[in-house]
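Notes follow once the structure below has been shown.
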Amino acid sequence: MATMNMIQALNSALDVMMERDGDVVSFGEDAGYFGGVFRVTANLQKKYGLDRSFDAPINEAAIVAMAIGMAARGLKPVAEIQFADYIFPGLDQIVSELSRLRYRTAGTFTAPVVIRTPCGGGIRGGQTHSMSPEAFFTHIPGVQVMMPSNPYDAKGMLISAIESPDPVIFFEPKRLYNGPFDGHSGGALSSWGKHPKGEVPEGHYTVPIGKADVVREGNAVTVVTYGTLVLVAQAAAEKAGVDAEIIDLRTLVPYDIETIARSVNKTGRCIVAQEAPRTSGFAAELAAQIQEECFYALEAPIQRVTGWDTPYPHAHEWSYFPGPERFINAMNAVLEA
């Protein structure tokens with residue numbers, strides 16, 4: 001085992017898979033020689049050469065299109081979109097081509113493409129570098145969607161994504177790249193080196209696609225979330241002294257409704273949370289499914305903790321970000337109902 005931050009864990013996953021499988025290639029804007037804007041692909045070009053780790057033009061539609069063509073010809077491309085905010089020029093390729101290739105060819109072709117992209121706020125990126133657009137992609141049949149919350153999961157999940165025969169949109173919460181975050185913006189930066197999930201095996205291992213993780217057991221209320229908000233929810237429960245059970249989805253599509261339902265049937269109360277804007281977010285899908293599965297167990301209306309229906313503000317970032325106080329208010333509301 002080695003101590004890694006999320007950047008190092010993701011880099012290790014790419015290194016492990018490129019060494020094991022000569023069909024795995026990595027590319028994107030500045031993702032070759034430079035190693036990516038966050039250095040996730042650092043040293044891969046030096047180790048594996050220009051044919052397997054290379055730079056792409058500033059053209060997200062072309063990046064996705066190239067990945068689809070590579071996959072159809074037998075490669076396993078891992079494409080980087082530099083920021084999730086800029087994935088939309090490639091959306092038509094993802095919706096019209098990538099997600100449907102297996103279906104439209106009756107299995108003659110598959111598309112084992114992984115599209116990696118940093119997402120979320122917390123680094124003063126403002127409106128153009130802070131989006132959490134995962135809900136757009138959960139609505140596309142044929143695409144798997146994943147988002148880790150810690151280095152251990154990040155490596156195992158990325159390896160599983162690369163080994164999957166179907167396309168994966170792999171969101172990486174950039175606020176967690178260098179350390180865990182409890183939602184308190186004024187606190188000192190912490191290191192993954194002091195966190196249990198910062199211990200990461202150096203070799204090959206996987207975290208199953210579609211399997212959630214109960215990161216905190218409890219009996220009073222179930223909190224279902226993913227990415228950065230997993231750690232914020234844990235901090236909020238500790239601060240408020242609430243016996244909350246916290247579930248890290250890890251995979252959004254397909255998500256683990258069995259684990260969620262088992263928890264909600266036990267606690268009778270539920271909070272769903274996302275960093276993205278409130279309206280039509282993935283939390284709303286979770287709330288609807290939980291209502292269908294657990295109606296007779298629910299003792300109170302399901303509460304949502306989300307961002308606001310605005311672009312991510314630069315000057316008021318922490319007014320937008322769903323911090324611990326928003327979680328505590330939701331916990332109080334659901335427990336007092």
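Once the Cα atoms of helix 60-72 and of the chain are each reduced to a long axis, what angle between those two axes, in degrees from 0 to 90 to the nearest 10, is obtained?
70 degrees
I'd like the orientation of helix 282-294 relative to the chain: the angle between its Cα long axis and the longest Cα principal axis, in ° from 0 to 90, rounded to 10.
60 degrees
Could you give the dipole magnitude of the stretch 86-177 about its Cα centre, charging the beta-carbon of Lys and Arg +1 and that of Asp and Glu -1, in debye to the nearest 20? The partial results should precede the final answer.
On the way: 8 positive and 7 negative charges, 32 e Å.
Around 160 debye, computed over the stretch 86-177.
How large is the dipole of the stretch 2-200 about the Cα centre if only Lys and Arg carry +1 and Asp and Glu carry -1, each at its Cβ, rounded to the nearest 20 debye?
Values: 17 positive and 20 negative charges, 44 e Å.
Its charge dipole is roughly 220 debye.
Choose one of 196, 184, 207: the residue whose Cα lies farthest towards the positive end of the charge dipole of the stretch 151-230 (beta-carbon charges +1 Lys, Arg; -1 Asp, Glu; about the Cα centre).
184
Checking the table 174/211; 194/239; 46/211; 239/266 against a 28 Å threshold on Cα-Cα, which pairs fail? Before the final figure, lay out each step's value.
On the way: 174/211 22 Å; 194/239 20 Å; 46/211 35 Å; 239/266 23 Å.
Listed pairs above 28 Å: 46/211.
Using only the alpha-carbon atoms, how far is helix 324-336 inclined from the longest principal axis of the chain? Give it as 0 to 90 degrees, nearest 10.
Helix 324-336 sits at roughly 50 degrees to that axis.
Quick check for you: with a 1.4 Å probe and neighbouring chains kept, what is the accessible area per residue of the chain, in Å²?
On the way: 13740 Å² over 337 residues.
I get 41 Å² per residue for the chain.
Over the stretch 2-200, with every protein chain in place, what whole percent of the accessible area is carbon and sulfur at 1.4 Å, could you tell me? If you can, show how the numbers build up before the last one.
On the way: 4230 of 7940 Å².
Heavy-atom surface of the stretch 2-200 belonging to carbon and sulfur, 1.4 Å probe: 53 percent.
Can you tally the net charge around residue 109? Count Lys and Arg as +1, Asp and Glu as -1, for every other residue whose Cβ sits under 10 Å from the Cβ of residue 109. Kindly include the intermediate steps, with their values, before the conclusion.
Details: positive: 73, 102, 104; negative: none.
Summing Lys/Arg as +1 and Asp/Glu as -1 gives +3.
Any idea how far the Cα center of the stretch 132-204 sits from the one of the stretch 283-330, in Å?
20 Å
What's the magnitude of the charge dipole for the stretch 71-127 around its Cα centre, counting Lys and Arg as +1 and Asp and Glu as -1 at the beta-carbon? Answer in Debye, nearest 20. Show your work: numbers first, answer last.
Working: 7 positive and 4 negative charges, 48 e Å.
The dipole of the stretch 71-127 has a size of about 240 debye.
Using DSSP to call loops (not H, G, I, E or B), can you name the GluC sites (Glu not before Pro) in the stretch 188-278 whose Cβ has at most 13 other Cβ atoms within 10 angstrom? Spell out each step's value before the answer.
Working: sites: 199, 202, 217, 238, 245, 258, 275; in loops: 202, 217.
Sites meeting the loop and neighbour criteria: 202, 217.
Over the Cα atoms, compute the radius of gyration (one decimal) and Dmax (the largest Cα-Cα distance, rounded to a whole number) for the stretch 2-200, in Å.
Cα-based Rg and Dmax for the stretch 2-200 come out at 16.2, 54 Å.
Within the stretch 213-336, what percent of beta bridges assigned by DSSP are antiparallel, to the nearest 5?
Among the beta bridges of the stretch 213-336, antiparallel pairing accounts for roughly 20 percent.
Taking the mean number of other Cβ atoms within 10 Å as a proxy for protection, how do you rank 203-212, 130-139 from highest to lowest?
For the peptides 203-212, 130-139, the packing ranking is 130-139, 203-212.
Relative contact order of the chain: what whole-number percent is it, with Cα pairs under 8 angstrom and at least 6 residues apart?
16 percent
The values are calculated or read from the model by the stated rules, or taken from the named source; none is laboratory data. This structure is a prediction, so every number in the text was calculated from the model and none was measured. Note that each Cβ is placed from the backbone with ideal geometry, even for glycine, and that neighbours are counted across all protein chains shown. Protein only, heavy atoms only, side chains kept; ligands, DNA and RNA dropped before computing areas. Shrake-Rupley method; radii C 1.70, N 1.55, O 1.52, S 1.80 Å.
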